[in-house]
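What follows is a set of notes on a single structure, which appears directly below.
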Amino acid sequence: MANNANSKNAHKFLLTTSKKKGYYNFYNFLLSTETISLESRIDKSLTLELFLIKTIIGQQVSVKAAQSIWNRTNKYLTDRNNKISLNSLKKLGLSAPKASYILGITRNKNIKSLNKSKLKKFSDEELSSFFLNIKGVGPWTLGAIKIFYLTSPDIYLNGDLAIQKKSLEYFGSFDDDMKDFSPYRTYLCLYLWKSTKN
């Protein structure tokens with residue numbers, strides 16, 4: 001019930017703010033679309049290790065291609081009989097850099113020792129320091145971790161191309177932190193992504 005209340009509060013806040021700021025196209029989009037739940041976008045079955053791997057696979061490829069490669073990779077990695085190597089990962093359809101990043105993640109004991117509850121105790125600085133030192137993890141991936149693994153409600157992914165495109169269309173800018181929409185910038189991103197499908 002609390003999650004449903006968060007979604008409704010976020011939607012109402014985004015409506016009020018967009019109207020107040022004169023972002024009428026976005027306001028009208030919000031009026032015409034269903035309320036989005038952040039929790040419904042979370043795959044709770046994934047460990048931190050698998051979440052990172054799935055997110056890296058999704059970088060700069062189509063959703064369909066990413067899903068296909070992820071399905072093969074997930075099946076391979078979760079079969080304990082398989083010996084994970086750079087070659088075996090590349091055979092799954094991964095590029096050489098992504099295969100290298102994923103191999104590094106599977107061998108990283110610190111990642112294996114962390115879970116959601118431990119990470120939620122980290123400060124922003126600690127999260128950045130930990131994740132940005134992992135090869136294959138940049139600011140966009142760190143933002144995705146905060147949104148889709150840690151369910152942080154106030155993350156704006158200004159490095160995301162679809163977010164940039166829609167922010168430019170609705171707000172005339174994509175190069176700031178959209179602080180007007182805080183504390184619900186995660187929901188702002190979710191609605192902007194949704195609007196790309198309309």
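Structure data summary
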{"read-out": "Out of 39, 49, 34, sole residue that is exposed (fewer than 10 other Cβ atoms within 10 Å of the Cβ) and among the acidic types (Asp, Glu)", "value": "34"}
{"read-out": "Segments classed as helices (runs of 4 or more DSSP H), wholly inside the stretch 70-147, with at least 3 members that are of a type in the set (A, V, I, L, M), at pLDDT 95 or above and open to solvent by 60 Å² or more (accessible area, probe 1.4 Å)", "value": "none"}
{"read-out": "Subset of the stretch 179-198 (residues that are more than 13 Å from the chain's Cα centre (by Cα) and surrounded by fewer than 20 Cβ atoms within 10 Å (Cβ to Cβ))", "value": "179, 180, 182, 183, 194, 195, 196, 197, 198"}
{"read-out": "Residue match in the stretch 151-160 (condition: at pLDDT 95 or above and part of a helix (DSSP H, G or I))", "value": "no"}
{"read-out": "Where a residue in the stretch 122-142 is closer than 18 Å to residue 58 by Cβ and its partner, wherever it lies, is among the aromatic types (Phe, Trp, Tyr) and at pLDDT 95 or above, with Cβ under 6 Å and at least six apart", "value": "135/101; 136/101; 137/131; 142/131"}
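The values are calculated or read from the model by the stated rules, or taken from the named source; none is laboratory data. Values in this document were obtained by computation on a predicted structure and should not be read as measured data. Here the Cβ is made from the backbone with ideal geometry for all residues, glycine too, and neighbour counts use every protein chain on show. Note: accessible area is taken over every heavy atom of the protein model, side chains too, but ligands, DNA and RNA are not part of it. Shrake-Rupley method; radii C 1.70, N 1.55, O 1.52, S 1.80 Å.
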